[in-house]
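Notes follow once the structure below has been shown.
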Number of protein chains: 2
Amino acid sequence: MAKTSERKADLISAAQRALAEHGSAVRLNQIAEAAGVSSGAILYHYAGIDELLVEANRAGMERFYNERLEMIASIPDPAERLERIISLGVPRSAEDEDVRLLCSLGGEAARNTMYAVLLTSLYDRQVGLYQGILELGVSQGVFHLAQGSLTIARNLVALEDAYGYRIIAKHPTLDYSSAVDLILEYARLATGHALLTSKPASKAHPRKITTIQPRRENQ
Amino acid sequence: MAKTSERKADLISAAQRALAEHGSAVRLNQIAEAAGVSSGAILYHYAGIDELLVEANRAGMERFYNERLEMIASIPDPAERLERIISLGVPRSAEDEDVRLLCSLGGEAARNTMYAVLLTSLYDRQVGLYQGILELGVSQGVFHLAQGSLTIARNLVALEDAYGYRIIAKHPTLDYSSAVDLILEYARLATGHALLTSKPASKAHPRKITTIQPRRENQ
DNA sequence: ATAAAAACTGAATCTCAGTTCAGATTATTA
DNA sequence: TAATAATCTGAACTGAGATTCAGTTTTTAT
């Protein structure tokens, strides 16, 4: 047993894990199993599965955004900050939970207004973040933008999103470092700054990709 | 009644329509209704619903690719060809069937190898297409690439994909023409060519967006 | 025109997942 | 400690959707 507030956090975390593993078609039982409780316990805290899924997805997005926000806060140099935020936005492997979550939502957004709003909001916030970095660089004289900062910011976030999908789909040659390089190439062109050569940026919460898990395929 | 070969084409078409409307969680009955037959009739031609869905998705991708291939074949100027293929790859509205289909597959690809392979193949073919146009432009002296043609091609296709998702998610300000403009801005920068000002390119098969359909939301 | 094959229907079946709930277990309060 | 409230379980219920199939209609072949 646990207090409702604590248990809700557990359930959201379990839902995120189950979501990353089974996609948007997760079953209540799968979440219950991930949480180590019965399905009834979940329905004690949430009116229905949809309510929990929305909370889990929202929390996952917030984490994806805030994590990066914190990790670049201490970096003073705009160029390094830009390079770092890009490398943090690309999934390291097809098993990245956060990005898997986001990818599975992309398709839902067409039919579910809530998810559409959440994704749109995340995109816009990321654009704002990038735009801030770009303009900081301009004011410090290190960036010489070839295009408007909004244009560059939008395109950078778009590239990040798209390569996330490619990596989640296990593109045979387009892996993490090539994706980062591709985005950086555009960033160099648009900012007139050589930026850093892409070096492996350590992630705060290393994904658990050490153990190879048995894969379950549909059909 | 119809011959198996003809009926299969009908069913694939119906499945595509149902897929665009209901997403990857389409029901057999929904496809049957779209095709105007009973669910049993579908199972007469296909062993299961998954088999039909794979065929429908594959055919949808082929159409998405081949349609554009044909429409630019008659355009001699590389710059105009590039501009045209970009404007044809971005969905005109959130109701675009082809792109809705592709978006709903993006999330599935994480768990379904078949869809992952199909999407990867589509991406690579599009990249090849773009790369060919870029190098044609170079050989004619109209493009002066600021980056490798593979880099530019990959980034252009990635941008196209990402803005497709934004439009499907009904971004309030990022509509068709702004998305095309954003991609063209990168294309200009990377090719050193002013390209064309984005003018509305007529699509071969105008989507049926004239009638406003009642929307059904989840939750 | 008639027989055989193909295509199809509609109902029955089966399975599975979400939800409900009566009772058990654990925590909290007095 | 006793009483009350909160949390949870496991079984039963419910509905939806995939699949099967016996029989019907349509097409094709002779």
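The values are calculated or read from the model by the stated rules, or taken from the named source; none is laboratory data. The structure presented is a predicted model; accordingly, all values stated were derived computationally and were not measured. Using ideal geometry, Cβ is built from the backbone for each residue, glycine included, and neighbour counts are taken over all protein chains shown.
If only residues of region A:1-18 that are within 13 Å of DNA strand C (Cβ to nearest atom) and surrounded by fewer than 15 Cβ atoms within 10 Å (Cβ to Cβ) are counted, the one that is farthest from the chain's Cα centre (by Cα) is A:MET1. Pairs linking a residue in region A:26-37 that is within 14 Å of another protein chain (Cβ to nearest Cβ) and more than 16 Å from A:GLU51 (Cβ to Cβ) to a residue that is within 11 Å of DNA strand C (Cβ to nearest atom) and hydrophobic (A, V, I, L, M, F, W, C), with Cβ atoms under 9 Å and 6 or more positions apart or on different chains, are A:GLN30/A:ALA18. Apart from one condition, A:GLU21 fits all of (1) within 12 Å of chain B (Cβ to nearest Cβ); (2) within 14 Å of DNA strand C (Cβ to nearest atom); (3) within 20 Å of A:LEU118 (Cα to Cα); the exception is (3). Screening region B:130-157 for residues that are closer than 15 Å to B:ILE85 by Cβ and small (Gly, Ala, Ser) and picking the one that is nearest to the other protein chains (Cβ to nearest Cβ) gives B:ALA153.
Within region B:5-41, count every residue that is hydroxyl-bearing (Ser, Thr, Tyr), in a helix (DSSP H, G or I) and within 9 Å of DNA strand D (Cβ to nearest atom). Steps first, answer last, please.
Step one: filter region B:5-41 for residues hydroxyl-bearing (Ser, Thr, Tyr), giving B:5, B:13, B:24, B:38-39.
Pick out the ones that are also in a helix (DSSP H, G or I) and you get B:5, B:13, B:24, B:39.
Pick out the ones that are also within 9 Å of DNA strand D (Cβ to nearest atom) and you get B:39.
Number satisfying all stated conditions: 1.
Residues in region B:126-151 that are part of a helix (DSSP H, G or I) and either on the phi > 0 side of the Ramachandran plot or not polar (S, T, N, Q) (or both): B:VAL127, B:GLY128, B:LEU129, B:TYR130, B:GLY132, B:ILE133, B:LEU134, B:GLU135, B:LEU136, B:GLY137, B:VAL138, B:LEU150.
Has region B:140-159 got at least one residue that is of a type in the set (Gly, Ala, Ser) and crowded, with 24+ Cβ neighbours inside 10 Å? Break it down into steps so the answer makes sense when it comes.
First, the residues of region B:140-159 that are of a type in the set (Gly, Ala, Ser): B:141, B:146, B:148-149, B:153, B:158.
Then keep just the ones that are crowded, with 24+ Cβ neighbours inside 10 Å; that gives B:158.
Yes, because at least one residue in region B:140-159 is of a type in the set (Gly, Ala, Ser) and crowded, with 24+ Cβ neighbours inside 10 Å.
Could you tell me whether A:LEU82 is touching a residue at least 12 places away in the same chain (Cβ under 8 Å), under 24 Å from A:ARG188 (Cα atoms) and of a type outside the set (Gly, Ala, Ser)? Yes: the conditions hold for A:LEU82.
Just one of the listed residues (A:LEU122, A:LEU189) is surrounded by fewer than 23 Cβ atoms within 10 Å (Cβ to Cβ), at pLDDT 95 or above and closer than 30 Å to B:SER93 by Cβ, and it is A:LEU122. Output the residue which, of all residues in region A:42-65 that are free of Cβ contacts under 8 Å to residues at least 24 places away in the same chain and not hydroxyl-bearing (Ser, Thr, Tyr), is farthest from DNA strand D (Cβ to nearest atom). Top of the filtered list is A:GLU62.
Every residue, every condition in (1) aliphatic (A, V, I, L, M); (2) closer than 16 Å to B:TYR165 by Cβ, yes or no:
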position: A:THR113; (1), (2): no, yes
position: A:ALA116; (1), (2): yes, yes
position: A:LEU119; (1), (2): yes, yes
position: A:GLN126; (1), (2): no, yes
position: A:ILE133; (1), (2): yes, no
position: A:VAL138; (1), (2): yes, no
position: A:PHE143; (1), (2): no, no
position: A:LEU150; (1), (2): yes, no
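Out of region A:66-75, which residues are in contact with a helix residue (DSSP H, G or I) (Cβ under 8 Å, 6 or more places away or on another chain) and either acidic (Asp, Glu) or within 16 Å of DNA strand D (Cβ to nearest atom) (or both)? Please lay out each step first, then the result.
Step one: of region A:66-75, the residues in contact with a helix residue (DSSP H, G or I) (Cβ under 8 Å, 6 or more places away or on another chain) are A:67-69, A:71-72, A:75.
Listed by number, the list holds a single entry, A:GLU67.
Please pick out the residue among B:ALA94, B:ALA56 that is crowded, with 17+ Cβ neighbours inside 10 Å, part of a helix (DSSP H, G or I) and either on the phi > 0 side of the Ramachandran plot or among the small types (Gly, Ala, Ser) (or both). Please lay out each step first, then the result.
On the way: B:ALA94 fails: part of a helix (DSSP H, G or I).
Only one candidate qualifies: B:ALA56.
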